[in-house]
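Single-structure report; data block below.
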Amino acid sequence: MKKYNYYLLTLIGAAALLSSCGNQNGGGKSSNGALSSSAAEKVYVAPGEQDEFYAFMSGGYSGNLTVYGLPSGRMFKEIPVFSQFPTSGYGYSEETKPMLNTSFGFVPWDDAHHPDISQTKGVLDGRWIFINGNNTPRIAKIDLTTFETTEIIEIPNSAGNHSSSFITENTEYVVAGTRFSVPVPQRDMPINEYKGNFKGALSFISVAPDDGKLNLEFQIMMPGFNYDLSHPGRGKSHGWFFFTTYNTEEANSLLEVNASQNDKDFIAAINWKKVEEYVKNGGGEKMPANYAHNVYDEHTHTATSTMKKEVITVDPTKIPGAVFFLPTPKSPHGCDVDPSGEYIIGNGKLSADLTVHSFDNMIAAIEGKKFDGEAYGIPILKFEDVLAGTVKSGGLGPLHTEFDGKGNAYTTFFISSEVVKWKLGTWEVLDRKPTFYSVGHLMIPGGNSAKPYGKYVVAMNKITKDRYLPTGPELEHSAQLYDITGDKMELIYDFPTHGEPHYAAGIPAELLSSKSKKIYRLTENKHPYAVLSPDKARVERNGKEVHVYMSMIRSHFTPDNIEGIKVGDKVYFHITNHEQDFDVPHGFAMIGQNTSELLIMPGQTKTSLWEPKKEGIWPFYCTDFCSALHQEMQGYVRVSAANSNVPLTYTLGE
Amino acid sequence: MNTNNLKSLIGSFLIMLFILSCKNEPKTENTSVPKTTETENTEKKGQAFIEDDGSTPNVLQIAIGSPEHSTLVTAVQAADLENSLVNAGPLMVFAPTNKAFDALPAETVKDLLKPENKATLANILKHHVTAGNYTIDFLKKFKKLGQANDQNTTVEVKGNDVYVGGAKIIASIPAGNGIVHVVDKVIIPPSK
């Protein structure tokens, strides 16, 4: 044995040297040519040049969405969505606090998972991007002209909003499925009576074609499984939606064992057009509910939160032909549909193989009524009848699949830490490349639409370890960029990402960059406390409430000296940025204030609350280095005793 | 010993030759562009090769550190499975001892280590891995386990002993990313 080993190792060593030698010298064929110098050239975006693609990466437990450029891997912006964000004052300013309102009250954080860009006819249209809050079920809409969160709707009867927020091919709906089944309506009952009693709600939220306004149209009350991920049908399968399920065992404890007992779980195929028609004709049950709908108005620069009190629920067994189960091996996780709409891919996360179902086979099996029993009244199709093929990958722990639009699919493997490229239709493995380390999702711009832009794939890894300079126990997650224009994938770059990116969505830069807003027009500012010209700046007292109507411009506040404020007052600074020049925000911060700063864009009004606790003269200042005289941009507030007679005055330059 | 020395000498000579031939190659014209070190030669890269002496050893490091498991380690290396054993897992590895491998029919191990049998070897080794982390007592709750090669194996309790796929667990070592159960037999996957 030992001799044998040594000889083997020597050979491996020699082979390794041989290949690295070839690479260093750039000799040989395509693989070598792509390495060394040209990998650098491929990701190099020269100073002043711009990237080819936007990549929107979910921030995971940061609750936010980050915007990157590809291929450079440069981060452009962190968009606050579900979490308070002191950088801009989101969730701290009076205008944006309502965005984080829920039926549980103010929830300042969430776990953001799966961004998806709006589509028209299956092609990215770049109007909005949607993302789900997993923990306190919510769906957010972000406007892709302002890159700001403009709407958040809470999802009732749901828990662990994970198989979300994927959209149908004309953005008719953004769909949200529950990962955890729960009692519906919620009630006090023993946990171990889960089986048969809990429900899994699949929610269809309509998106108004003109302004994108969200409305929860109906919820399909499915059996109490875990609904893991989902994707819409497209092309011929438009009108259907597919959800992977696990825990069809309906276990309520030690799921790592008890939810892995069945050899197959299901992909649930939902004919949402049928359900939509049923609801339009008066079907479904109106059920009392309580959920927040928060809308931000770009003209008033203010969000409002409305509690909705009713939801339509649908029993799927009452609509013939609306819902079917497709058996799929080993607790499938990812659920992806190819650009043609024919193939539905379910990746059993404890499996080595990928299961590919055929939409045509599914329709034929439904029409032929080839059922293999039922679960809670929902017909189960025969595995062999719907199966299109199996990809024997040799990898371990398949998770997610994206497509390049050239007939190839790319699947991530968590345990074997790699991306595997395979061919749709022949199921042949064409290439595999390691990731560093333990990849979750991957993203090809448009990779889950009818028209992918198959130039790059980004692998989003869960483990970083030694990839970058160490920063203590807590590390940012790593991402790797591969060029997929050739037969073989080529690793060309590696960059850290913020929070925990789950899914991401990419789009060609030219579809967004020209529409990106530069300033808010002061003339269009409808904020009730806006000051549209500095001579309207004033301070008004209403009992213990004081409203400061303030304006700001390079390089002063109007007013900048305020007297007559008393301990125990509630002072609202309503500040309007009078700049009408691109990229000249001003900030505002007051000493000892129990909240964050404000960052106010040109033409925008934001409000900060200050409750002075001590007598004295207290300064405030601009926090954004706005101009050559930024250090002069400051002011004072005189705070007197609660019973003092100092008159209320406000001045500038006196 | 003699043949061994000779082979190592030849091996070293080959390596030297490659290094030399590298150095003798003319430099390419553009030296200012940084060279990537991430080359196609990724076979021996990845989590398995990170230096980390602070964490609890993972299942691979435990196997490497055990003189009783040198055959298993050789096999894992020949099948290129190192990186699959250092993953976040959790991974439960049933680790046959050298004696267990020796009990196989003559020439079996030697044949399996041949490059043309890499897939067969990998299949057998993956049949020794479960995605999970269960103590021997906890394993008694199971009748079967789903193994990483996509086949099931059996769990049987005889007295105080637990047998997995017919192999008896003779020791258990908790790992940073799971657990290693030392077993006295190689678990042969059921024929498909």
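The values are calculated or read from the model by the stated rules, or taken from the named source; none is laboratory data. Not measured: the values here are computed from a predicted model. A quick note on method: Cβ atoms are made from the backbone with ideal geometry, for glycine too, and the neighbour counts reach across all protein chains shown.
The table below gives the values:
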{"read-out": "Test: residue in segment A:284-307 that is acidic (Asp, Glu), over 28 Å from A:Phe82 (Cβ atoms) and surrounded by 16 or more Cβ atoms within 10 Å (Cβ to Cβ)", "value": "no"}
{"read-out": "Out of A:Tyr529, A:Tyr493, A:Tyr520, sole residue that is in contact (Cβ under 8 Å) with a residue 24 or more places away in the chain and under 30 Å from A:Tyr61 (Cβ atoms)", "value": "A:Tyr493"}
{"read-out": "Segment A:334-352 - residue that is surrounded by fewer than 24 Cβ atoms within 10 Å (Cβ to Cβ) and over 25 Å from B:Gly146 (Cβ atoms) and, of those, nearest to the other protein chains (Cβ to nearest Cβ)", "value": "A:Tyr343"}
{"read-out": "Unique residue being closer than 30 Å to A:Glu298 by Cβ, in contact (Cβ under 8 Å) with a residue 12 or more places away in the chain, in a loop (DSSP other than H, G, I, E, B) and among the small types (Gly, Ala, Ser) when the list is A:Gly486, A:Gly499", "value": "A:Gly499"}
{"read-out": "Test for A:Thr497: is it of a type in the set (Val, Ile, Thr), under 20 Å from A:Asp404 (Cα atoms) and more than 14 Å from chain B (Cβ to nearest Cβ)", "value": "no"}
{"read-out": "Count of segment B:99-137 residues which are closer than 22 Å to B:Asp161 by Cα, exposed (fewer than 14 other Cβ atoms within 10 Å of the Cβ) and either within 12 Å of another protein chain (Cβ to nearest Cβ) or in contact (Cβ under 8 Å) with a residue 24 or more places away in the chain (or both)", "value": "3"}
{"read-out": "Hits in segment A:427-471 - residues which are in a loop (DSSP other than H, G, I, E, B), modelled with pLDDT of 95 or more and small (Gly, Ala, Ser)", "value": "A:Gly446, A:Ser449, A:Ala450, A:Gly454"}
{"read-out": "From the options A:Tyr549, A:Tyr529, residue that is hydroxyl-bearing (Ser, Thr, Tyr) and either at pLDDT below 95 or more than 26 Å from A:Phe147 (Cβ to Cβ) (or both)", "value": "A:Tyr549"}
{"read-out": "Qualifying position, being surrounded by fewer than 21 Cβ atoms within 10 Å (Cβ to Cβ) and free of Cβ contacts under 8 Å to residues at least 60 places away in the same chain, among A:Asn197, A:Asn192", "value": "A:Asn197"}
{"read-out": "Listing of strands (runs of 3 or more DSSP E) fully contained in segment A:36-114 that carry 1 or more residues being of a type in the set (Ser, Thr, Tyr)", "value": "A:53-58, A:65-70"}
{"read-out": "Hey, A:Ser203 surrounded by 16 or more Cβ atoms within 10 Å (Cβ to Cβ) and part of a loop (DSSP other than H, G, I, E, B) or not", "value": "no"}
{"read-out": "Residue that is farthest from the other protein chains (Cβ to nearest Cβ) [pool: residues in segment B:146-157 that are touching a helix residue (DSSP H, G or I) at 6+ places or on another chain (Cβ under 8 Å) and hydrophobic (A, V, I, L, M, F, W, C)]", "value": "B:Val155"}
{"read-out": "Residue satisfying condition, being surrounded by fewer than 16 Cβ atoms within 10 Å (Cβ to Cβ) and among the β-branched types (Val, Ile, Thr), within set A:Thr485, A:Thr497", "value": "A:Thr485"}
{"read-out": "Selection within segment A:308-321 - surrounded by 14 or more Cβ atoms within 10 Å (Cβ to Cβ) and more than 13 Å from A:Met221 (Cβ to Cβ)", "value": "A:Lys308"}
{"read-out": "Selection count, segment A:177-189, where residues are in contact with a His (Cβ under 9 Å, 6 or more places away or on another chain) and crowded, with 24+ Cβ neighbours inside 10 Å", "value": "2"}
{"read-out": "Complete set of residues in segment B:70-98 that are more than 8 Å from chain A (Cβ to nearest Cβ), under 28 Å from A:Lys462 (Cβ atoms) and out of contact with any Gly (no Cβ under 8 Å at 6 or more places or on another chain)", "value": "B:Leu72, B:Val73, B:Ala75, B:Val76, B:Gln77, B:Ala79, B:Asp80, B:Leu81, B:Leu85, B:Ala95"}
{"read-out": "Selection within segment A:353-383 - within 14 Å of another protein chain (Cβ to nearest Cβ) and either assigned to a loop (DSSP other than H, G, I, E, B) or surrounded by fewer than 22 Cβ atoms within 10 Å (Cβ to Cβ) (or both)", "value": "A:Asp353"}
{"read-out": "Those residues of segment B:138-162 which are among the hydroxyl-bearing types (Ser, Thr, Tyr) and surrounded by 19 or more Cβ atoms within 10 Å (Cβ to Cβ), in sequence order", "value": "B:Thr153"}
{"read-out": "Subset of segment A:80-117 (residues that are among the aliphatic types (A, V, I, L, M) and surrounded by fewer than 24 Cβ atoms within 10 Å (Cβ to Cβ))", "value": "A:Val107"}
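Here is a yes/no grid of residues against (1) farther than 23 Å from A:Asn448 by Cβ; (2) in contact with a Lys or Arg (Cβ under 8 Å, 6 or more places away or on another chain):
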| residue | (1), (2) |
| --- | --- |
| A:Ile205 | no, no |
| A:Asp211 | yes, no |
| A:Asn215 | yes, no |
| A:Phe218 | yes, no |
| A:Leu229 | no, no |
| A:Asn262 | yes, no |
| A:Trp272 | no, no |
| A:Val275 | no, no |
| A:Pro288 | yes, yes |
